[in-house]
1. Here are the criteria: (1) open to solvent by less than 70 Å² (accessible area, probe 1.4 Å); (2) modelled with pLDDT under 95. Tell me which single one Pro304 does not satisfy.
2. Out of (1) open to solvent by 40 Å² or more (accessible area, probe 1.4 Å); (2) in contact with a His (Cβ under 9 Å, 6 or more places away or on another chain), the odd one out for Gly445 is which?
3. State all residues of the stretch 493-510 that are under 24 Å from Gly433 (Cβ atoms), open to solvent by 60 Å² or more (accessible area, probe 1.4 Å) and touching a residue at least 24 places away in the same chain (Cβ under 8 Å); if no residue qualifies, say none.
4. Mind checking which pairs have a first residue in the stretch 272-289 that is among the acidic types (Asp, Glu) and a second that is open to solvent by 70 Å² or more (accessible area, probe 1.4 Å) and in a strand (DSSP E or B), Cβ under 8 Å, 6 or more apart or different chains?
5. Among the residues of the stretch 210-224, are any basic (Lys, Arg), out of contact with any strand residue (DSSP E or B) (no Cβ under 6 Å at 6 or more places or on another chain) and open to solvent by 60 Å² or more (accessible area, probe 1.4 Å)?
6. Which pairs have Cβ atoms under 6 Å, sit 6 or more apart or on different chains, and link a residue in the stretch 381-397 that is touching a residue at least 60 places away in the same chain (Cβ under 8 Å) to one that is not hydrophobic (A, V, I, L, M, F, W, C)?
7. Hey, can you tell me all the residues within the stretch 511-520 that are within 14 Å of Thr484 (Cα to Cα) and surrounded by fewer than 21 Cβ atoms within 10 Å (Cβ to Cβ)?
8. Criterion first (at pLDDT 90 or above, open to solvent by 60 Å² or more (accessible area, probe 1.4 Å), within 22 Å of the chain's Cα centre (by Cα) and not aromatic (Phe, Trp, Tyr)) does Asp284 satisfy it?
Amino acid sequence: MSIVGKTLAGAAIVLAVLVAGIVVAISMIDVDTLVGPVKDRIRAVTGRELTVGGGSSLALSLHPRLVLKDVALSNAPWGSAPKLLTAQRLQVEFALLPLLSRRFDLIQVELVGPVISLEADDKGRKNWAPDHAAPAAPAQPAATADATAATTYFSVGNILITDGTLTFRDGTGAPTRVAINRFSLRAREPTSPMAAEFRGEVAGVPVTVDATLGSVQDLLQRRGTFPVQVKGDIAGQKTAITAKVRVDAQNVAFDDLDLKIGANAFAGKFSITAGEPRSKLTFDLTGPALVLKELPVAAIARAPAIAAAPAHASPWLFPDTPVDFAALRIVDADGTLAIGRLQLADGRQLNNVRASIALAAGRLDVKNFEIAIFGGKLAGNVHVDARTAGHEALALHASGTGFELAALLAATGKPREVRGGKTAINIDLDMLGTSPHAWASTASGNVRVVVGPATLVNTKLDLSSAIDKVIQAVNPFRERDPSTDLVCAVVRLPLANGIAKVDRSIAMETQKVGVSATGSLDFRNETLEFTFHPKVRKGLSIPGLNFADLVGLRGPFASPQVTVNAVGSAKAIASIGAAVGTGGLSTIGQALLGQVESGGTGLCAIALGAKDSAPDASASTQGKVAAPESAERKIEGAIGKLFGR
């Protein structure tokens, strides 16, 4: 036999002996010697009990496989679920050669059909974290302890989870359910980058992502940065995330964060610092666009996986649907946010959004925010005190200029062609409660809106609308002139506990007429009661009589009714009342309008708080007012004109 043949034969003999030795070594391993130490270690570290209800087996092959059936891990004593984890099977595949030195290099750990229940309570406890007083493992003889030490030297490789579910509860609302079709984490060796994969759903939203991560060694040793790169699809939106992750004892930081989800894009840095009683988020994020309805959280909110309680029909314009502030009491935060374009869920768009955000112990401060909207810019501060559930308080202090009147009218559902009309808004309000209706019902402070010169193109009035009826009543020129030249308009609402008392603090002036209002707005029951005082500018060829309290508007916000409050004979009042039903208020208005006195303070200035310097109307017109009979004839003439007589 040649030297080569002898060498090959010798190698074959050695290999056969080696394989035989490995088979003998494996066959001599009691499965319990593998499972028992694992149970003890889990109990010592976490205080949880691992049970195997369906037995265990060891399959011999080039990659031996340990199979545990019907596996369960006990939950924390305070947890709501009976078990933290159950699984149909736990399969552990390990390398063959290291078994000779009783070392277990795990090639893959696979969970089949797991049901995982994660939970955090309002005391900061987490059921996946070790108990503070975990029971110690039972004492063992020295020989057994040495064997245990030898048999519990593990090196973990790939992880695979299939056909499982994970439920997370944090006590703030409905639990979040994750369906895991497939999750894998793979690495060739501890120093190699890891590859991760997830296929499944989060709260009914489909998620398909692949990730490239740093090495297991870097993650465990927490040294340097841990690169993360994710690509995939979330809620139908193409997603890409890159970041450099730093981990220390209590902090996880995402540096050089670049996130894209559909039309949304952000860049900057973000960190989470663990602490008691709350963790803290720190961030500095900027982005060109944020479209709320395209965010995964918006899709989760729309998902039918967890049925929400049916919303009741609110009888109020300001809905009484509660806003949940519980999240403000869970975590602290501090950071800045800058968004080029913010598109709200209803399609409205805000531009150049800037804000500094501070959240501590349930107190939220949004400082120095800026928003470009309706052609202008709004800036201010928002404060929310949600430290105690059921006793929330809000404060809003904001001001803005340059808003387009046409855009504001369109936002209120009353679109109209307008040229000019730059508008300024000031809001200073303190409120209580958890719903828009509660905030309006408790509001105290001031709201002021001032509109500058504008030209409003006159269109056909909708006399089914109370507002259009009022406009027709106070402006007799509207139906005749192609446009209305607005000089100014003011709405100033001094609010106290949800009630606004108006004493000529609502006013409007055009080139031909002026009108001011007195009355009240009650946001508690959403009712109003106003009286409008119209005046015609002096010198216009319209019959002028000093009739005050011409037009009234009262009733619920949603459907107020127009009335006429005339000073005159019973016959005139009855006639005017008949005219209201026909929509002929502007004709009656020509006979009843007072005249703006020259040299007096403008109605808009009075609405803003200036003193009225006009001469006493009754003194200036003494001896000039028509006799009652003349007034009655003018009213009758106006009514006759209305009915074509």
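The values are calculated or read from the model by the stated rules, or taken from the named source; none is laboratory data. What you are looking at is a predicted structure, and each value in this text was computed from that prediction instead of being measured. Neighbour counts run over all protein chains shown; Cβ positions are idealised from the backbone, glycine included. We work out accessible area using only protein heavy atoms, side chains counted, and drop any ligands, DNA or RNA first. Shrake-Rupley method; radii C 1.70, N 1.55, O 1.52, S 1.80 Å.
1. All conditions pass for Pro304, except number (1).
2. For Gly445, the failing item is (1).
3. Selection gives Asn497 alone.
4. Asp284/Lys269
5. Yes: the stretch 210-224 contains one or more residues that are basic (Lys, Arg), out of contact with any strand residue (DSSP E or B) (no Cβ under 6 Å at 6 or more places or on another chain) and open to solvent by 60 Å² or more (accessible area, probe 1.4 Å).
6. Ala386/Gly362; Ala386/Glu392; Glu392/Thr434
7. Gln511, Lys512
8. Taking the combined requirement at face value, the residue satisfies it.
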